[in-house]
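Asker: The structure follows.
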Amino acid sequence: MSTHSSTLIKATNPSKIIHLEEYSKGKIKCISPCPPYVAIRTIDEIIMPELLLFVEDEKARVLLLAMIDYYLKNNRMDTILYFNDLIKVISIGGYEEVVQFLQNSSFIEEVSKRYAFLDKDVEDSIARITLGVRKK
């Protein structure tokens, strides 16, 4: 089967994906097994990332990106492809805005997994919100 559906490609086992890619005029290479992110990188559609990671500010974004980069490099994964296609780190605002955005973006769940990474200094505030005891 041939497809341009990123949803079908993402759901397929890499051992069953055969990707043909032109690397020079008239020369084609076959990649098999092929990770889904390699097969979908040339599809002409809006590709939602696998992971949307929400943080409070630019400092948190830079730190989280560095941590992900460190992990990927130490596990011999292609960081450029991961950051371009699979992972997006987005700074939202204060912790309340991050939590609210996470709650209000559930419509994205069909396509992307969503996580919030909050600063350590809001741990007590989050515990109060979780318990339903907001400090006034």
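Computed from the coordinates by the stated procedures, all read-outs in this text should not be read as laboratory data. Predicted model only: the values in this text are computed from it and were never measured. Note that we place each Cβ from the backbone using ideal geometry, even for glycine, and neighbour counts take in every protein chain shown.
Asker: If you stretched the chain out fully between Arg76 and Tyr23, how much longer would it get, using 0.36 nm times the residue separation minus the C-alpha to C-alpha distance?
Answerer: Additional length available on full extension: 16.8 nm.
Asker: Can you tell me the length gained on complete extension of the stretch Ser5 to Glu50, counting 0.36 nm per residue apart and subtracting the Cα distance?
Answerer: 14.7 nm
Asker: Quick one: which residues, 5+ away or cross-chain, put their amide H under 5 Å from the amide H of Ser91? H built at 1.01 Å from N.
Answerer: Under 5 Å from the amide H of Ser91 lie the amide H atoms of Val55, each far enough along the sequence or on another chain.
Asker: Please work out the FRET efficiency for the pair Phe101 and Ser15, using the Cβ-Cβ distance as r and a Förster radius of 30 Å; give the result to the nearest 0.05.
Answerer: In this case the efficiency is close to 0.20.
Asker: Taking a threshold of 24 Å on the Cα-Cα distance, which of the pairs Lys29/Lys88; Lys25/Lys73; Lys73/Lys113 fall above it?
Answerer: In this structure, Lys29/Lys88; Lys25/Lys73 exceed 24 Å between Cα atoms.
Asker: Also, I was wondering about something else. For a protection proxy built on the mean count of beta-carbon atoms within 10 angstrom, sort 53-66, 22-35 highest first, please.
Answerer: Put in order of decreasing packing, that is 53-66, 22-35.
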